[in-house]
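So the structure is just underneath, and the comments pick up after that.
Just so it is clear, none of the values below were taken in a lab; they were calculated from the coordinates. This structure is a prediction, so every number in the text was calculated from the model and none was measured. In this analysis, Cβ positions are derived from the backbone assuming ideal geometry, glycine residues included, and neighbour counts consider all displayed protein chains.
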Amino acid sequence: MKRSFGAYITHVAVALYLLACGILGLTEQTLWQRLRLAVGSRNATGNEIVDTLTQVFGTGDLTKTLVVLFSILAVAGAAFLFLELFGLRIPAVDIIILVFLAVWMAFMVLSDGVYAFRNTRNFDFLPWLKTLATHLVVLGALISASRRFGD
């Protein structure tokens with residue numbers, strides 16, 4: 001089945017989003033991070049993975065481990081989405097995308113569900129809704145990239 005131009009654009013956008021989040025997560029504690037801290041104040045890292053896991057789990061070793069794990073999975077997910085986009089049919093890609101779908105859903109539960117219930121006092125509905133919408137767009141693109149659920 002042929003994909004529409006909009007599906008390709010969504011596919012590229014999600015792959016770039018995952019790639020950027022993964023690279024930012026992997027470089028969070030490096031020289032670049034220290035330079036950013038020296039240049040200006042830091043309310044948020046600008047990285048969805050780091051921000052979410054820090055808000056849910058605090059700033060401990062578990063958080064650092066999860067940030068690295070989710071970041072590596074995000075970069076891998078982006079790579080496999082690009083492979084799928086350019087028509088390189090590798091048999092394991094569909095399985096890997098399905099695994100990444102499960103990981104992304106777990107991330108959504110942590111990010112959107114747990115965070116919302118933990119912050120009932122100072123819960124901001126519209127920023128939460130915007131984040132949820134972004135996560136759903138990524139989820140939809142991952143589903144469409146999978147041959148099992150997509151085309």
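Residue-wise test of (1) under 20 Å from residue 15 (Cβ atoms); (2) within 15 Å of the chain's Cα centre (by Cα); (3) surrounded by 15 or more Cβ atoms within 10 Å (Cβ to Cβ).
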position	(1), (2), (3)
60	no, no, no
81	yes, yes, yes
87	yes, no, no
95	yes, no, no
110	no, yes, yes
118	no, no, no
127	no, no, no
137	yes, yes, no
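Which of the residues spanning segment 66-79 are surrounded by 20 or more Cβ atoms within 10 Å (Cβ to Cβ) and either within 13 Å of residue 25 (Cα to Cα) or of a type in the set (Lys, Arg) (or both)?
Correct list: 66, 67, 70, 71, 73, 74.
Checking the condition without any contact (Cβ under 8 Å) to a residue 60 or more places away in the chain and under 17 Å from residue 21 (Cβ atoms), which residue from 83, 132, 98, 88 passes?
132
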